[in-house]
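**Q** Once you've had a glance at the structure underneath, I'll fire off some questions.
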Amino acid sequence: DSPASVKKQLAKVFEASLSATVPDEPDVVPLIEPCASKSGGKFADYQCNNAMSLWAKIKGKQTGFRGPPSVGQAIAKNLPPSEIIESCSVAGPGFVNIVLSKKWIAQRIEKMLVEGIHTWAPQLPVKRVLVDFSSPNIAKEMHVGHLRSTIIGDTLARMLEFACVESLIRRNHLGDWGTQFGMLIAHLYDTYPNPEDVNEAAIGDLQVFYKASKVRFDSDTEFKLRAQQSVVKLQSGEEKYLKAWQQICDVSKAEFEKVYQRLGVRLEAKGESYYNSLIPPTLEKLDKLGLIEESEGARVIFVEGVDIPLIAVKRDGGFNYSTTDLAALWYRLNVEKLDWNIYVTDVGQWQHFDQLFKAFRRAGWLPKDENEFPKCTHIGFGLVLGEDGKRFRSRSSDTVRLVELLDEAKRRCKTALLERDAVKGWSEEEIEKTSEAIGYGAVKYADLKINRLTNYTFNFDHMLNDKGNTAVYLQYAHARICSIIRKSGKDIEELKKSGNILLDQEDERTLGLHLIQFPEVFEESLSNLLPHVLCEYLYNLSEIFTKKFYTNCQVVGSPEETSRLLLCEATATVMRQCFYLLGIEPVYKL
Ligand code: ARG
């Protein structure tokens with residue numbers, strides 16, 4: 001079975017040529033790259049860059065080659081016959097330039113249209129994967145950082161699913177067991193002494209409730225003491241305290257759910273509290289292995305290359321964030337038997353995860369080689385900034401309510417939509433659904449299109465601009481393609497079965513080439529877990545379609561109508577697949 005990626009298919013062909021060219025140099029890995037465009041034009045589609053490094057290796061030996069260009073010539077000459085390649089030429093210091101066969105490009109697209117875009121998915125050699133993302137803390141606000149984790153984590157999960165991972169867990173590691181519960185419960189019972197009266201209504205708005213108890217905690221020493229005692233009572237399992245804890249968790253989860261629902265994100269919750277009973281046995285195992293040491297009254301684990309140890313047990317005997325992650329990772333490896341654990345949080349937590357993974361390696365619970373399975377990866381992201389360049393906050397208060405943020409994106413989209421003539425006659429429901437798809441999609445895309453490691457500035461005007469590199473622009477482009485197909489009056493399903501794609505015009509060929517590069521770009525995006533690579537591809541696809549193909553090639557009514565309608569359909573199909581992977585709901589008419 002041939003791989004979906006063009007690059008990999010070319011690599012196979014060149015592998016054969018390389019072993020014929022330099023039989024004494026085994027296992028030379030073909031270096032194949034797409035050609036960068038040079039001032040608008042391109043010499044070729046791909047290039048093979050092996051000649052230069054090969055020459056460096058063989059120049060002392062009796063090979064008959066006179067320099068890198070002659071090695072390049074030989075590589076080109078020794079290529080086995082292949083339907084992929086139309087022609088090859090050697091340029092500069094020995095680059096082998098490759099022009100793909102346009103017939104082959106066309107056939108790949110035709111095949112994808114008939115058999116489905118899933119045939120362009122790679123097969124990842126890993127079975128059980130967990131993505132730990134979103135993971136807000138109960139009762140504390142779910143802030144924009146958690147929104148980023150939710151958006152990025154969901155996309156990574158979708159990408160892994162597309163790459164045929166057998167089982168994928170989307171884990172919400174809710175912070176449901178912190179010391180913050182002490183003050184919340186103490187405050188709750190001060191207001192409602194009778195446990196019978198403790199319900200969701202009594203808690204009301206959790207952020208208001210949190211703030212009120214925090215004010216007391218910070219100013220009233222007697223209250224602070226009671227709060228600390230409440231933590232102990234909760235942790236020792238006293239029923240009255242557990243009840244209050246459960247109620248607070250329920251209110252908080254319902255609030256998170258509103259965000260997930262708007263974003264169309266599915267998560268399976270296993271909060272920190274789930275691992276309570278696993279903490280003592282995990283610590284005992286680590287202790288037996290000799291990993292746990294005393295340091296300044298705490299019990300800690302030192303790991304290679306880090307001065308500060310991981311605190312397993314605090315000085316007061318209590319457990320912390322790290323303790324829970326030790327137990328949770330043990331569970332994930334031994335009970336859930338995961339091959340790959342991916343944690344999505346802000347980059348600020350890198351050291352925590354570095355220590356955690358190194359501790360497991362020290363214990364022999366993870367392979368020494370970090371690329372070997374089972375493996376763990378921390379996926380970090382930068383801060384969300386406001387226009388002032390500082391941490392993002394809303395104007396009215398110092399916290400940002402995510403639900404309100406998403407509602408505002410939708411509201412703005414709706415206003416813009418209602419100004420258009422095209423929506424006259426739409427039902428109220430259509431307008432709502434479309435505003436949601438565009439608004440929520442825009443929030444996601446604005447986040448995903450930049451390299452996740454950098455900070456990102458939240459700005460409604462930028463993300464909702466219908467002309468820039470935004471989801472709004474992309475939605476319009478996609479809807480326009482759908483409308484071209486609709487207006488042609490042709491049955492596209494019939495055309496897929498019988499029609500042929502021709503790529504005689506330069507812009508048709510450029511579009512065709514970009515389409516068949518989807519698999520390798522997807523693979524690149526996935527292997528580095530960098531969604532912005534996919535966004536860049538999607539934006540370029542829509543630019544090539546709009547500015548080149550659609551500007552210069554008449555579709556409906558032209559002699560090439562069938563072929564061009566199929567190119568429209570292929571573009572829309574690939575765009576929708578990108579939308580799907582980015583968690584964006586496509587709009588078919590606008
Ligand atoms: N609750 C944490 C926070 O808000 C994120 C948890 C990430 N997952 C984990 N297993 N530590 O920062």
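**Q** Could you tell me which residue of the range 347-373 is modelled with the highest pLDDT, considering only residues that are more than 13 Å from the ligand (Cβ to nearest atom) and more than 22 Å from residue 291 (Cβ to Cβ)?
**A** Among those residues, the one meeting the criterion is 373.
**Q** Restricted to the range 195-220, and to residues that are modelled with pLDDT of 90 or more and among the basic types (Lys, Arg), which residue is surrounded by the fewest Cβ atoms within 10 Å (Cβ to Cβ)?
**A** Here the answer is 214.
**Q** How many residues does the range 294-346 contain that are away from the ligand (no atom under 12 Å from the Cβ) and buried (at least 16 other Cβ atoms within 10 Å of the Cβ)?
**A** Qualifying residue count, the range 294-346: 17.
**Q** Another question about this same structure. Using beta carbons and a limit of 7 Å, which pairs, at least six apart or on different chains, have the first residue in the range 59-78 and not in a helix (DSSP H, G or I) and the second one not small (Gly, Ala, Ser)?
**A** Sorted first by the residue in the range 59-78, then by its partner, the pairs are 65/55; 65/58; 65/71; 67/55; 78/21.
**Q** Are there any strands (runs of 3 or more DSSP E) wholly within the range 243-348 with 1 or more residues that are of a type outside the set (S, T, N, Q) and closer than 20 Å to residue 157 by Cα, and if so which?
**A** Numbers: elements: 292-295, 298-301, 310-313, 340-346.
By residue number, 340-346.
**Q** Another question about this same structure. Does residue 489 meet the test of being over 30 Å from the mean Cα position of the chain (by Cα), among the small types (Gly, Ala, Ser) and at pLDDT 95 or above?
**A** On the way: over 30 Å from the mean Cα position of the chain (by Cα): yes; among the small types (Gly, Ala, Ser): yes; at pLDDT 95 or above: yes.
It is true that residue 489 is over 30 Å from the mean Cα position of the chain (by Cα), among the small types (Gly, Ala, Ser) and at pLDDT 95 or above.
**Q** For the range 249-277, what are the residues that are away from the ligand (no atom under 16 Å from the Cβ), buried (at least 17 other Cβ atoms within 10 Å of the Cβ) and modelled with pLDDT of 95 or more?
**A** Once the filter is applied, which keeps residues that are away from the ligand (no atom under 16 Å from the Cβ), buried (at least 17 other Cβ atoms within 10 Å of the Cβ) and modelled with pLDDT of 95 or more, the range 249-277 yields 262, 263.
**Q** Among what's in the range 121-149 and is more than 11 Å from the ligand (Cβ to nearest atom) and β-branched (Val, Ile, Thr), pick the residue that is surrounded by the fewest Cβ atoms within 10 Å (Cβ to Cβ).
**A** Ranking the candidates gives 126 first.
**Q** Next question. Return a yes/no flag: does the range 501-516 have any residue that is farther than 27 Å from residue 122 by Cβ and of a type outside the set (Asp, Glu).
**A** Scanning the range 501-516 turns up at least one residue that is farther than 27 Å from residue 122 by Cβ and of a type outside the set (Asp, Glu).
**Q** Additional query: With respect to the numbered conditions (1) farther than 30 Å from residue 324 by Cβ; (2) touching a Pro at 6+ places or on another chain (Cβ under 6 Å); (3) polar (S, T, N, Q), which one is the sole condition not fulfilled by residue 155?
**A** Checking residue 155 against (1) farther than 30 Å from residue 324 by Cβ; (2) touching a Pro at 6+ places or on another chain (Cβ under 6 Å); (3) polar (S, T, N, Q), the one that fails is (1).
**Q** Answer yes if at least one residue in the range 172-179 is of a type in the set (S, T, N, Q) and buried (at least 18 other Cβ atoms within 10 Å of the Cβ), and no otherwise.
**A** Looking for residues that are of a type in the set (S, T, N, Q) and buried (at least 18 other Cβ atoms within 10 Å of the Cβ), one finds at least one in the range 172-179, hence yes.
**Q** Could you identify the single residue in 422, 409 that is small (Gly, Ala, Ser) and either under 30 Å from residue 132 (Cβ atoms) or in a loop (DSSP other than H, G, I, E, B) (or both)?
**A** Numbers: 422 fails: either under 30 Å from residue 132 (Cβ atoms) or in a loop (DSSP other than H, G, I, E, B) (or both).
Being small (Gly, Ala, Ser) and either under 30 Å from residue 132 (Cβ atoms) or in a loop (DSSP other than H, G, I, E, B) (or both) holds for just one of 422, 409, which is 409.
**Q** Residue under question is residue 163, and the condition is that it be modelled with pLDDT of 95 or more and more than 14 Å from the ligand (Cβ to nearest atom); does it hold?
**A** In short, yes.
**Q** For the range 437-472, how many residues meet the condition of being without any contact (Cβ under 8 Å) to a residue 40 or more places away in the chain and not β-branched (Val, Ile, Thr)?
**A** Going through the range 437-472 one residue at a time, the tally reaches 8.
**Q** Go through the range 398-437 and give me each residue that's within 16 Å of residue 476 (Cα to Cα), modelled with pLDDT under 95 and of a type in the set (A, V, I, L, M, F, W, C).
**A** Answer for the range 398-437, where residues must be within 16 Å of residue 476 (Cα to Cα), modelled with pLDDT under 95 and of a type in the set (A, V, I, L, M, F, W, C): 422, 423.
The values are calculated or read from the model by the stated rules, or taken from the named source; none is laboratory data. Only a predicted model underlies this, so the values are computations on that prediction, with no experimental measurement involved. Ideal geometry is used to build each Cβ from the backbone, glycine not excepted, and the neighbour counts take in all protein chains shown.
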